[in-house]
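Colleague: Just passing along the structure, written as C-alpha cells.
The values are calculated or read from the model by the stated rules, or taken from the named source; none is laboratory data. Note that this is a predicted model, so its numbers are computed, not measured. Please note: Cβ atoms are built from the backbone with ideal geometry, for glycine as well, and neighbour counts cover all protein chains shown.
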Amino acid sequence: MQKFVVVALNSLLTAGLYATMSYGLAVIYGVMRIINLAHAGLMMLAAYATWALNDRFALDPFVSMVVVAPAFFLIGMALYATVIRFLPRSSTGPSMQSLLLLFGVWLVLQNLAYAIWGGDTQSILTPYTMESVRFLGGRFGVPQILVFVVSILSLVGLTLVLRRTFLGKAIRAVTQNRDAAMLSGVNAGQIAAVAFGIGTAFAAMAGSMLSTLYAFTPDFGRSFLLKAFCIIVLGGMESFTGVAVGALVLAFVENFASAYTAIPVSFQDAISFTLLVVVLVAAPGGLPGLWRMLDRKVVAR
Amino acid sequence: MGLLRRHPALVPGLLFAAALLLAPTLAERGTLNDLWNMAFFVVLAAAWNLLGGFAGQVSLGYSAFVGIGAYTTVLLANAGWSPWVTLPVGALLSAAFSVLVGLPTFRLRGPYFTIATIGVGEAVRVIASGLDFTGGSSGVRMPPGTFDFESNYYAMVGLALATLALVAWLQQNAFGLALESIRQDIDGAEALGVNSTRIKLEAHAISSALVAVAGGLYAINFQYISPGTIFDFRLSLTIVLMPIVGGMGTLAGPVIGAMLFSYLQIKVLASPTLRDSYQFIYGGLLIVVMLFEPRGVMGLWERLWSRLPRRRTPAIAEARGAG
C-alpha cells in the first residue's frame with residue numbers, strides 16, 4: 001500500500017511536467033491545426049539557454065525561466081512570421097507539408113545547437129539537485145517538486161489567460177471555429193502568431209525544467225515530443241482539460257508499469273510509444289471520444 | 001521504337017547501369033566506395049518512395065527495417081550462415097515485421113501515421129539497445145573473413161538497379177495505379193474497389209524487404225553494427241529526405257535525391273567543422289522545398305520545362321489548352 005502511494009505521488013509529480021510540455025503543442029494544434037514537430041528542438045534549445053545562463057551568470061534554472069520563457073515567446077512569433085505563415089491553410093486536419101516543414105525547422109534548431117555547443121552531454125548542477133524530501137515514507141527529489149510547483153503555476157496562469165482575457169477568448173474561439181471567429185471580428189492571423197508564441201514559450205518552460213532533471217545533448221527532446229503527442233491525442237487534441245487528464249494517464253501508466261511489472265526501466269520510453277500507437281489506433285478521439293462512444297452505447301440500451 | 005517512347009528514361013538508365021557495373025575495372029577504390037554509398041542510398045530512397053511517394057504514406061521509421069536486415073545478417077553469419085541465406089532471411093523477417101507494424105498504423109491517416117512511425121522506430125531502437133542477443137548498445141561484429149568489397153559492390157549496385165526496375169514496373173501496372181489513387185484520395189480509391197489497407201501492406205512489405213537487404217549488405221561492408229548507427233533516427237531521416245528533395249512519387253526523384261545526398265555526405269565528412277552539423281543543410285533544404293516546391297527537384301524541373309518557349313504541334317497545344 002505504501003509503495004502504491006509513493007508511486008502514485010511520483011506519477012503526479014511527473015504529470016505536472018508532462019502537462020506543461022504538452023500544452024504548447026495543444027495550443028498550436030488547436031489554433032492552426034499544425035503538429036509542431038519543432039517542439040522538441042525548442043525544448044532542447046531552451047535547455048541549452050538555461051544551461052548557458054547557469055554557466056555564465058550562475059543563474060538558478062528556475063529563475064532563468066523568467067528570462068527564457070518571454071524570449072522564446074518572441075522567438076516563436078518570429079518563427080511564425082518568417083516561416084509558418086506561408087503554409088497553405090488546411091481546414092480538415094494537419095497537412096503533410098506542415099509536418100515536414102516543422103520537421104525541417106527542428107533539424108535546423110538541432111544543428112544550430114551542435115554548431116554552437118557541440119555534441120557533448122551537458123547537465124545543470126544546482127545545490128539542491130541531489131536533495132530530497134521525505135514524505136509518506138517515500139523520497140522525492142527537490143527538483144521534481146519544484147518542477148511540479150512551477151508547472152501547476154504556469155498551467156493556472158494559462159487557464160486564467162484563456163478564460164479571463166479577450167486574447168484567451170479569441171484563442172479559444174479560433175480553436176473551436178475559425179470562420180465563425182473571423183466573422184465576429186477576430187484577427188485569426190494575429191491570434192495564430194500569438195498562439196505560436198505561447199506554444200513556444202511553454203516548450204521553453206518545459207525545456208528549462210527538463211534541464212534540471214536530465215542530462216541533454218542537441219539530440220534531446222525526441223522522446224518527450226512523442227510523449228507530449230501521446231498526451232494530446234489522449235486528451236482529444238483540442239481540449240485543454242483533456243491535456244491534463246492525458247498527462248496524468250501517461251505518467252501513471254509509465255510509473256506503474258515500471259514499478260509493478262517486469263518491464264526494465266530502460267524500456268520505459270517504449271511504453272509511451274506503444275501507448276501512443278495503441279491510442280491512435282484504438283481511440284483516435286482520445287479519452288473524450290472514448291467517453292462519448294461509451295455514453296452513446298449506454299443511451300442506446 | 002514504341003518502347004523507347006513510352007520509357008524515355010530507358011536509354012540513359014541502361015548507359016548509367018553499364019557504367020556502374022564496369023566501374024570496378026576502371027575506377028579507384030575511393031571512387032568505388034562513393035559509388036557503393038550512392039547505390040545504398042538509391043535503394044533506401046527508391047524503396048521508401050514506393051510507399052511514401054506513390055502512396056503518400058510518409059514513414060519516419062525506416063531505420064527499423066535497415067536494422068532488422070543488418071542484425072539478421074550479422075547474427076546469422078556469426079552462427080556460420082552464408083550471406084546467400086542471411087540476406088533473404090533478413091528480407092523476410094523485415095517484411096513480416098512491416099506487416100505487424102502496418103496492421104495497426106495503416107488505420108491512421110497522414111501526419112498521424114507519420115508520428116506513429118516515429119514511435120515505432122524509437123521503440124525498436126530502445127528495445128534493440130536493451131536486449132542481450134543483439135549485443136546491447138555496444139553492437140555486434142561480423143565474423144572475420146566475410147569481407148569482400150568487390151562482390152559487395154556488385155551486389156549493392158545490382159540491388160539498386162533491380163529496385164529501380166521493380167519500381168518502374170510496379171509504377172506502370174495496376175498496383176502502381178492503386179498506390180497513386182490512395183495518395184490522391186483514399187476514400188475515392190476505396191469506393192472504386194481498391195483494398196487500400198492490403199495495397200499499403202504490400203507496398204510496405206516490398207519496400208521494407210528491399211531496405212533490409214541493403215541493411216544486410218551494409219553490415220557486411222562495414223563489418224560492425226550497433227543500435228546507435230543502424231537504428232539511428234538520422235538514418236530514417238536521410239531515407240525520407242532523399243525522395244522528398246528529389247521529388248516524391250516519381251521514378252527519377254529518389255535517384256536525384258540519393259546522388260545529391262551522397263555527394264553532400266562526401267563533402268561534409270571531408271570537413272571537420274561541418275561533420276556534427278551537416279543536418280543543418282538537410283533541415284534548410286526541407287524548409288525550402290516545403291515552402292517553395294513540395295514536389296522537389298522534379299517539380300522544379302517540370303515547372304522550368306513548361307516555361308521554355310518551344311514549338312508545339314497544333315494538336316498538343318489544343319489538348320494542353322483544353323486540359
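Colleague: Residue by residue through the stretch A:114-141, note down the ones that are over 18 Å from B:Leu285 (Cα atoms) and either charged (D, E, K, R) or within 14 Å of another protein chain (Cβ to nearest Cβ) (or both).
Modeller: Result: A:Ile116, A:Trp117, A:Gly118, A:Gly119, A:Asp120, A:Thr121, A:Glu131, A:Arg134, A:Arg139.
Colleague: I would also like to ask the following. Could you tell me whether A:Gln97 is in contact with a Gly (Cβ under 6 Å, 6 or more places away or on another chain) and within 9 Å of chain B (Cβ to nearest Cβ)?
Modeller: no
Each row is one residue, and each column tells you yes or no for (1) under 28 Å from A:Gly118 (Cβ atoms); (2) part of a loop (DSSP other than H, G, I, E, B); (3) modelled with pLDDT under 80; (4) not aromatic (Phe, Trp, Tyr).
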| position | (1), (2), (3), (4) |
| --- | --- |
| B:Lys267 | yes, no, yes, yes |
| B:Ser277 | yes, yes, yes, yes |
| B:Gly283 | yes, no, no, yes |
| B:Met290 | no, no, no, yes |
| B:Pro294 | no, yes, no, yes |
| B:Gly299 | no, no, no, yes |
| B:Ser306 | no, no, no, yes |
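Colleague: Of everything in the stretch A:222-244, what is away from chain B (no Cβ under 14 Å) and closer than 17 Å to A:Val278 by Cα? Give them in sequence order. Give the steps one after another, and end with the answer.
Modeller: Filtering the stretch A:222-244 for residues away from chain B (no Cβ under 14 Å) gives A:235, A:238-244.
A:Gly235 - this is the single residue of the stretch A:222-244 that is away from chain B (no Cβ under 14 Å) and closer than 17 Å to A:Val278 by Cα.
Colleague: Is it the case that the stretch B:138-160 has a residue that's under 16 Å from B:Ala77 (Cα atoms), of a type in the set (D, E, K, R) and at pLDDT below 90?
Modeller: There is at least one residue in the stretch B:138-160 that is under 16 Å from B:Ala77 (Cα atoms), of a type in the set (D, E, K, R) and at pLDDT below 90.
Colleague: Can I ask one more? When you look at B:Val99, is it under 17 Å from the mean Cα position of the chain (by Cα), in contact (Cβ under 8 Å) with a residue 40 or more places away in the chain and either more than 14 Å from chain A (Cβ to nearest Cβ) or surrounded by fewer than 24 Cβ atoms within 10 Å (Cβ to Cβ) (or both), yes or no?
Modeller: Spelling it out, it is not the case that B:Val99 is under 17 Å from the mean Cα position of the chain (by Cα), in contact (Cβ under 8 Å) with a residue 40 or more places away in the chain and either more than 14 Å from chain A (Cβ to nearest Cβ) or surrounded by fewer than 24 Cβ atoms within 10 Å (Cβ to Cβ) (or both).
Colleague: Every residue in the stretch B:104-118 that is assigned to a helix (DSSP H, G or I) and over 15 Å from B:Tyr62 (Cβ atoms), please.
Modeller: Initial filter on the stretch B:104-118 (assigned to a helix (DSSP H, G or I)): B:104-105, B:110-118.
Result: B:Pro104, B:Gly110, B:Pro111, B:Tyr112.
Colleague: Further, regarding this structure: Run A:Ala282 past the list (1) more than 30 Å from A:Val68 (Cβ to Cβ); (2) more than 9 Å from every other protein chain (Cβ to nearest Cβ) and report the number of the one that doesn't hold.
Modeller: (2)
Colleague: Only one of A:Leu74, A:Leu87 is over 21 Å from B:Phe280 (Cβ atoms), within 14 Å of another protein chain (Cβ to nearest Cβ) and surrounded by fewer than 22 Cβ atoms within 10 Å (Cβ to Cβ). Can you tell me which?
Modeller: A:Leu87
Colleague: The conditions are (1) within 30 Å of A:Phe224 (Cβ to Cβ); (2) more than 23 Å from the chain's Cα centre (by Cα), and B:Pro144 fails exactly one of them. Which is it?
Modeller: Failing condition for B:Pro144: (1).
Colleague: Follow-up. Here are B:Val89, B:Val157, B:Val167, B:Val101: which of them is part of a helix (DSSP H, G or I), of a type outside the set (Gly, Ala, Ser) and more than 22 Å from B:Val42 (Cα to Cα)?
Modeller: Details: B:Val89 fails: more than 22 Å from B:Val42 (Cα to Cα); B:Val157 fails: more than 22 Å from B:Val42 (Cα to Cα); B:Val167 fails: more than 22 Å from B:Val42 (Cα to Cα).
Of the residues listed, the single one that is part of a helix (DSSP H, G or I), of a type outside the set (Gly, Ala, Ser) and more than 22 Å from B:Val42 (Cα to Cα) is B:Val101.
Colleague: If you scan the stretch B:280-296, which residues turn out to be at the interface with chain A (Cβ under 7 Å from one of its Cβ atoms) and under 19 Å from the mean Cα position of the chain (by Cα)? Show your work before the answer.
Modeller: Within the stretch B:280-296, the first condition is being at the interface with chain A (Cβ under 7 Å from one of its Cβ atoms), and the residues that meet it are B:280, B:282-284, B:286-287, B:290-291, B:294.
Of everything in the stretch B:280-296, those that are at the interface with chain A (Cβ under 7 Å from one of its Cβ atoms) and under 19 Å from the mean Cα position of the chain (by Cα) turn out to be B:Tyr282, B:Gly283, B:Leu286, B:Pro294.
Colleague: With B:Glu122, B:Glu180 as the choices, which residue is in contact with a Phe, Trp or Tyr (Cβ under 9 Å, 6 or more places away or on another chain), more than 9 Å from chain A (Cβ to nearest Cβ), among the charged types (D, E, K, R) and assigned to a helix (DSSP H, G or I)?
Modeller: Selected residue: B:Glu180, the only one of B:Glu122, B:Glu180 that is in contact with a Phe, Trp or Tyr (Cβ under 9 Å, 6 or more places away or on another chain), more than 9 Å from chain A (Cβ to nearest Cβ), among the charged types (D, E, K, R) and assigned to a helix (DSSP H, G or I).
Colleague: In the stretch A:185-221, what count of residues is obtained for those that are within 15 Å of A:Tyr18 (Cβ to Cβ) and within 14 Å of chain B (Cβ to nearest Cβ)?
Modeller: Of the residues in the stretch A:185-221, 1 are within 15 Å of A:Tyr18 (Cβ to Cβ) and within 14 Å of chain B (Cβ to nearest Cβ).
Colleague: Tell me which residues, restricted to the stretch A:20-66, are over 19 Å from A:Cys230 (Cα atoms), polar (S, T, N, Q) and modelled with pLDDT of 90 or more.
Modeller: A:Thr50
Colleague: Here are B:Ala219, B:Ala205, B:Ala212: which of them is aliphatic (A, V, I, L, M), in a helix (DSSP H, G or I) and more than 30 Å from B:Met298 (Cβ to Cβ)?
Modeller: Only one candidate qualifies: B:Ala219.
Colleague: Shifting gears a bit: Out of curiosity, is B:Ala128 within 14 Å of chain A (Cβ to nearest Cβ) and part of a helix (DSSP H, G or I)?
Modeller: Yes, satisfied.
Colleague: Another one. Is one or more of the residues making up the stretch B:69-81 closer than 22 Å to B:Ala178 by Cβ and either assigned to a helix (DSSP H, G or I) or touching a residue at least 60 places away in the same chain (Cβ under 8 Å) (or both)?
Modeller: Looking through the stretch B:69-81, none of the residues is closer than 22 Å to B:Ala178 by Cβ and either assigned to a helix (DSSP H, G or I) or touching a residue at least 60 places away in the same chain (Cβ under 8 Å) (or both).
So that you can scan it fast, the table gives a plain yes or no per residue for (1) within 14 Å of chain A (Cβ to nearest Cβ); (2) at pLDDT below 85:
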{"position": "B:Gly228", "(1), (2)": "yes, yes"}
{"position": "B:Gly253", "(1), (2)": "no, no"}
{"position": "B:Thr273", "(1), (2)": "yes, yes"}
{"position": "B:Gly321", "(1), (2)": "no, yes"}
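Colleague: Right, another one. Among the residues of the stretch B:222-243, which ones are assigned to a helix (DSSP H, G or I), under 16 Å from the mean Cα position of the chain (by Cα) and over 27 Å from B:Glu293 (Cβ atoms)? Break it down stepwise before answering.
Modeller: Taking the stretch B:222-243 first, the residues assigned to a helix (DSSP H, G or I) are B:222, B:227-230, B:233-243.
Imposing the further condition that a residue be under 16 Å from the mean Cα position of the chain (by Cα) reduces the set to B:230, B:233-243.
Once the filter is applied, which keeps residues that are assigned to a helix (DSSP H, G or I), under 16 Å from the mean Cα position of the chain (by Cα) and over 27 Å from B:Glu293 (Cβ atoms), the stretch B:222-243 yields only B:Ile230.
Colleague: From the list B:Gly56, B:Gly13, B:Gly52, which residue is outside any helix (DSSP H, G or I) and either modelled with pLDDT of 75 or more or surrounded by 14 or more Cβ atoms within 10 Å (Cβ to Cβ) (or both)?
Modeller: After applying the criteria, what remains is B:Gly56.
Colleague: Among the candidates A:Leu107, A:Leu153, A:Leu146, which residue alone is at pLDDT 90 or above, under 24 Å from the mean Cα position of the chain (by Cα) and among the hydrophobic types (A, V, I, L, M, F, W, C)? Before you say what the answer is, go through the steps one by one.
Modeller: Numbers: A:Leu107 fails: at pLDDT 90 or above; A:Leu146 fails: at pLDDT 90 or above.
After applying the criteria, what remains is A:Leu153.
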